[in-house]
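Quick one: the structure is below, and I'll ask about it shortly.
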Amino acid sequence: MTWTAQVLTLYPEMFPGPLGHSLAGKALADGLWRLETLDIREYASDKHRSVDDTPAGGGPGMVMRADVLARAIDAARQSAHRDRPLIYLTPRGRLFDQSRAKELARGEGATLICGRFEGTDQRVLEAREVEEISLGDYVLSGGEPAAIAVLDSVIRLLPGVVGDPEALSDESFERGLLEYPQYTRPQIWEGRDIPEVLTSGDHGRIAAWRRQKAEESTRRRRPDLWARHVGGGEEKEGQEQ
Ligand code: SAH
């Protein structure tokens with residue numbers, strides 16, 4: 001069963017977009033994953049093919065209609081296994097992270113709904129039991145870039161996509177830490193040397209150095225991750241001095 005991404009969007013021409021290039025693009029061409037896009041507008045019923053209306057209660061902008069989106073979701077779920085995750089990208093969702101990416105990669109695919117306008121009628125999200133996922137605490141103009149980011153993170157975890165699986169085991173978030181800093185030739189650039197240990201050929205020392213740097217960066221840059229790493233989930237650690 002090939003991992004299949006279904007994307008519901010008002011802008012199907014945005015796909016595969018970046019996912020058609022480089023690692024994900026090659027994997028798509030090689031049949032390691034599949035992409036189906038559904039144009040939400042195709043499921044509009046009136047002659048203006050309207051997909052949005054003004055917000056109940058007033059306020060600026062427009063809201064995606066429950067009836068139109070529900071028809072698009074139901075059509076998508078007919079061609080897909082109904083137990084695949086059904087996800088709406090929204091800043092109101094649970095923060096997306098590497099462990100959710102891994103779970104998705106272990107499954108058979110996902111259906112992703114891209115919002116636009118001020119948002120989507122909450123009733124359809126509840127009625128279809130949609131999982132709400134956010135990319136981060138900022139507002140995009142649409143769900144498409146978020147869907148592309150989620151898919152990119154999942155696709156690179158699919159078997160055979162990254163040539164050397166070891167490249168995945170050392171990465172940021174793998175052990176609850178950020179990755180150590182990376183260097184490559186030239187040996188000296190603008191008067192700055194590559195750290196001596198990395199050119200020593202001593203694999204034990206290199207591993208210890210990388211571990212130490214990973215811990216240092218995590219502690220300084222991401223006290224939230226660090227607190228979880230050392231405290232097993234307790235958030236009592238404050239900011240670094
Ligand atoms: N008024 C909404 C934002 C709408 S932005 C609010 O304040 O919550 C328009 C669409 O972009 C959303 O429906 C959602 O699909 C998408 N989007 C915006 N920011 C996002 C984020 N951080 N993560 C995932 N999707 C996002």
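Apply the Karplus parameterisation 6.51 cos²θ - 1.76 cosθ + 1.60, with θ equal to phi minus 60°, to every residue of segment 107-117 and state each ³J(HN,Hα) to the nearest whole Hz, in sequence, with x for glycine and proline.
x, 10, x, 7, 10, 10, 9, 9, x, 9, 6
Same structure again: Over segment 112-233, what number does the Rg to Rh ratio reach, with both radii from the alpha-carbon atoms and Rh per Kirkwood?
Radius of gyration relative to Kirkwood radius: 1.10.
Let me ask another. Could you give the length gained on full extension between LEU32 and SER45, defined as 0.36 nm per residue of separation minus the Cα-Cα distance, in nm?
1.1 nm
Follow-up question, since we're still on this one. In units of 2.2 N^0.38 Å, what is the alpha-carbon radius of gyration of segment 75-139?
Dividing the Cα Rg of segment 75-139 by 2.2 N^0.38 Å gives 1.13.
How many angstrom lie between the C-alpha centres of segment 151-195 and segment 75-123?
27
Continuing with this model, one more query. Using a 7 Å offset from the Cα along the Cα-to-Cβ direction at both ARG123 and GLU13, what is the distance between the two label points in nm, to one decimal?
3.3
Using only the Cα atoms, work out Rg/Rh for segment 169-237, with Rh taken as the Kirkwood radius, to two decimals.
That ratio is 1.07, to two decimals.
Which of the peptides 199-212, 11-24, 63-76, 98-111 is most tightly packed, and how do the rest follow, going by the mean number of other Cβ atoms within 10 Å of each residue?
By packing density, highest mean first, the sequence is 63-76, 98-111, 11-24, 199-212.
Rank-order 27-33, 136-142 by packing density, defined as the average count of other C-beta atoms within 10 Å over each peptide's residues, highest first.
For the peptides 27-33, 136-142, the packing ranking is 27-33, 136-142.
If you don't mind, there's one more thing I want to ask. Of all DSSP beta bridges in the chain, what percent run antiparallel (nearest 5)?
Within the chain, antiparallel bridges account for around 15 percent of the total.
Moving on to the next point. For THR120, enumerate residues with amide H under 5 Å from its amide H, sequence gap 5+ or separate chain, H modeled in the peptide plane.
MET64
So between GLU216 and SER200, what do we pick up on full extension, going 0.36 nm a residue minus the alpha carbon distance?
In short, 3.6 nm is gained.
Additional query: Efficiency by 1/(1 + (r/R0)^6): what FRET value for THR54 and TYR138, r their Cβ-Cβ distance, R0 = 25 Å, to the nearest 0.05?
Efficiency, from the Cβ-Cβ distance: 0.50.
Of all the Cα-Cα pairs you can form in segment 1-152, what percent are over 22 Å apart?
When every Cα pair of segment 1-152 is considered, 38 percent fall beyond 22 Å.
Calculated from DSSP H runs of 4 or more alone, at -39500 (n - 2.57) each and per residue, what is the 222 nm mean residue ellipticity of the chain, nearest 500?
Here the helix-only value at 222 nm equals -10000 deg cm²/dmol.
According to the Cα gyration tensor, what semi-axes, each the square root of 5 times an eigenvalue, does the equivalent ellipsoid of segment 149-201 have, listed from largest to smallest in whole Å?
Listed largest to smallest, the semi-axes of segment 149-201 are 29, 13, 12 Å.
A short reminder: the numbers here are calculations on the coordinates, not readings from a lab. Small disclaimer: the values here were computed from a predicted structure and weren't measured. No Cβ is skipped: glycine too gets one built from the backbone with ideal geometry, and neighbour counts run over all protein chains shown.
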